[in-house]
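Report on one structure; see the data block that follows.
The values are calculated or read from the model by the stated rules, or taken from the named source; none is laboratory data. Small disclaimer: the values here were computed from a predicted structure and weren't measured. Positions of Cβ are backbone-derived with ideal geometry, glycine not excepted, and every protein chain shown enters the neighbour counts.
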C-alpha cells in the first residue's frame, strides 16, 4: 500500500516541478495570471454555464423548425399528387360524352345503343386509369343502364346512397369531395384501403336530377410512401385530419374516423401551418401541422416533448461537452503557450510587416500623419495597400475590356456587311447575265458564308445557323476542289432552338478538309457532321477518313497554342486549341473538344456544349 502512495507522491512532485519550470521559462508575471483568472477564467465559466442552459432551448427550437420544414415539404409533395388527381377528375368531368351517355332517356335504352355507350365509356375509363397514381375510376349510374352492375368500373347509384359520405358528394354540387382512408372491396383486387376523389354528375337535360357519381380511387400506399420518408423521433404520430378534426388517414387504421384531442383541434384551427406546445395527457407535447391545398386536410405530426426533443437533447449534450473542451483549451492551456511567443515577438513582427508594406506597394504612405501606435500604423498601412491593389486590379480589368472592345470595333469596321452583300449580289447577277452559273453559285455561297459568319455582329448564334455555316463552307470548297470530297449532315431533330458561340464548327471542318483529306495520297474522302442532344448537353461530331494522326499529336493540338500559322491556311495551325479555349471560357471546364484519331484511319473531333435554349438569347 505504501509503494503506490510513494509513487503517486513522486508523480505529483514531478508534475508540479515541471509546471514551475514551464512557468519560469515562459516568464509570465504572477500579477498577469491573477488578473487573467479573475477577468477571463471566472466569467468564462459563468458564460459557459449560461450557454449550456440556453443551448438546449435553441437546439430544440432548431430541431422543431427542421421538422416543420420537412413536414411542409412532405405536405407539398402530397398536395401536388392529390391536385394531379383532381386535374384528372376535372378532365373526365369535362368529357361531353360522359354526360350525354349518362343522360340517355328511357326511350333510348336499346341494347345496341348501350353497348356503344359502354365501349366509349370503357375508353374514358382506361385513359384515366393509365395514370400510375390512379388505382381505379368508378362510375355510379342509374340502375336502368345495363352496364350498372358491371361491378368493375360501373356500379348502381343506389349502392352508395347509404354511405356516410354520399350526402357530402351531393352537397358538393359537382365539385371534388375527398373521402378519407377507407377499405373497399373490388371484384379483381379484393379488399384495398383507398382514398377517393368523388363528385356528383348532373343530367344536362334535366339539371335538377343526379345522373351519376364519379369516383377516382387512390391507394393508401401513395400517402404512406410520401409520409414514410419523414425521419422524426420514434413514437411521433403522423396523420391526416379534416377541418372537423376527424382523422382521415393514420398508419394505425383503427384510428381512422376518430376525433383528434380538443387541444390539438384548437391548434389546427389557428392557421394554415404552424406548431405549438400542448398538454397531451399528463405530459407536455408538441403539435406541428401544415395544410394540403386541394383537400383542406391537415398533415399533423404529434408527439410528446420528450419524443420530439430527444434529438435536441443529444445535440445539446454533444455541443455542451465540445464547448466545455473548447473553453478549457482556450482559456486555460493556450494562453500559457501562446503568450510566450506572441508577447515577445509582437513588436518585432509588426515592425517587419510595416516595413514590408512600405517597401512593396504603399509609396504614398509617407504622406500620412505620424501615429504613435504601431497598431494604428499597421491598420492604416494594410488599408492603403488593399485599396491600392484593388484600384490596380480594376484599372487592369478596364484596360483589358477597352482593348477587347477596340479590337472588336476595329475588326467590324473593316467589313461593311451591307456594302459587301450588295457588291456580291451585283457580281452574282453579272455572272448570271453572262451564263457563268458556276461563278454565280460560288458567289452566292460566299455571300451566305459572310452573312452567317458576321451574323449582324452577334457572337451567339443558333445551332442551325452554325451547321449551315459549315455546310456553306464545304460547298465553297467543293467548287475549289471539285470531285475530290463529299460531305453529309446527320442532325437530330429539335436542335433549332439551341444557342452557341459562332465559328465553332467551321475551323474544325476546315481542319478535317485541309489537314485530313487533302493530305491523303489520293486527296479524296468524306466528311460527316452530326449533331445531337445528350444529357442536357449539345454534342457535335466532325469525322473524316483522311490521313489521321497519332495520339500524342492529338493531345498536343488541344494543349498547345499553334505558333507557325500561314496566311493561306496550309500551315500547321489547326485552330483547335483556340476553339477549345473559347468553349471552356463560354461553358466551363467540363466542356470543350475531344479528338479520336489514328494514322491512316481518320479523325473524329467531338464538341460538347451546354444545350441552352435560345428563347431569350441575342
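Scanning segment 197-210 for residues that are within 43 Å of the chain's Cα centre (by Cα) and in contact (Cβ under 8 Å) with a residue 40 or more places away in the chain yields 197, 199, 201.
Answer with yes or no whether residue 202 is in contact with a strand residue (DSSP E or B) (Cβ under 9 Å, 6 or more places away or on another chain) and at pLDDT 90 or above. For residue 202, the condition - in contact with a strand residue (DSSP E or B) (Cβ under 9 Å, 6 or more places away or on another chain) and at pLDDT 90 or above - is not met.
The conditions are (1) farther than 18 Å from residue 595 by Cα; (2) touching a strand residue (DSSP E or B) at 6+ places or on another chain (Cβ under 6 Å), and residue 528 fails exactly one of them. Which is it? Of everything listed in (1) farther than 18 Å from residue 595 by Cα; (2) touching a strand residue (DSSP E or B) at 6+ places or on another chain (Cβ under 6 Å), residue 528 misses just condition (1). Scanning segment 231-263 for residues that are in contact with a helix residue (DSSP H, G or I) (Cβ under 6 Å, 6 or more places away or on another chain) and at positive phi gives 235, 245. Of all residues in segment 520-552, which are farther than 30 Å from residue 494 by Cα and loosely packed, with under 14 Cβ neighbours inside 10 Å? Selection gives 521, 522, 523, 550, 551, 552. The single residue among 137, 169, 179 that is modelled with pLDDT of 90 or more and assigned to a helix (DSSP H, G or I) turns out to be 169. Residues that are crowded, with 17+ Cβ neighbours inside 10 Å and outside any loop (DSSP other than H, G, I, E, B) were ranked within segment 279-295; the one that is farthest from the chain's Cα centre (by Cα) is 280.
Selection of segment 462-483 for residues being surrounded by fewer than 16 Cβ atoms within 10 Å (Cβ to Cβ) and outside any helix (DSSP H, G or I) yields 481, 482, 483. For segment 233-247, the set of residues classified as surrounded by 15 or more Cβ atoms within 10 Å (Cβ to Cβ) and more than 18 Å from residue 79 (Cβ to Cβ) consists of 233, 236, 237, 245, 246, 247, listed by residue number. For segment 211-232, a residue qualifies if it is crowded, with 18+ Cβ neighbours inside 10 Å and over 29 Å from the mean Cα position of the chain (by Cα), and the qualifying residues are 211, 212, 213, 214, 215, 216, 217, 218, 220.
For segment 248-273, taking the residues that are in a strand (DSSP E or B) and touching a residue at least 60 places away in the same chain (Cβ under 8 Å), the one that is surrounded by the most Cβ atoms within 10 Å (Cβ to Cβ) is identified as 249. Counting residues in segment 562-572 that are in the same structural domain as residue 520 (by TED's automatic domain parsing), touching a helix residue (DSSP H, G or I) at 6+ places or on another chain (Cβ under 7 Å) and at pLDDT 90 or above gives zero.
When the residues of segment 141-165 are narrowed to those that are free of Cβ contacts under 8 Å to residues at least 24 places away in the same chain and not in a loop (DSSP other than H, G, I, E, B), which ends up nearest to the chain's Cα centre (by Cα)? Per the stated criteria, the residue is 155.
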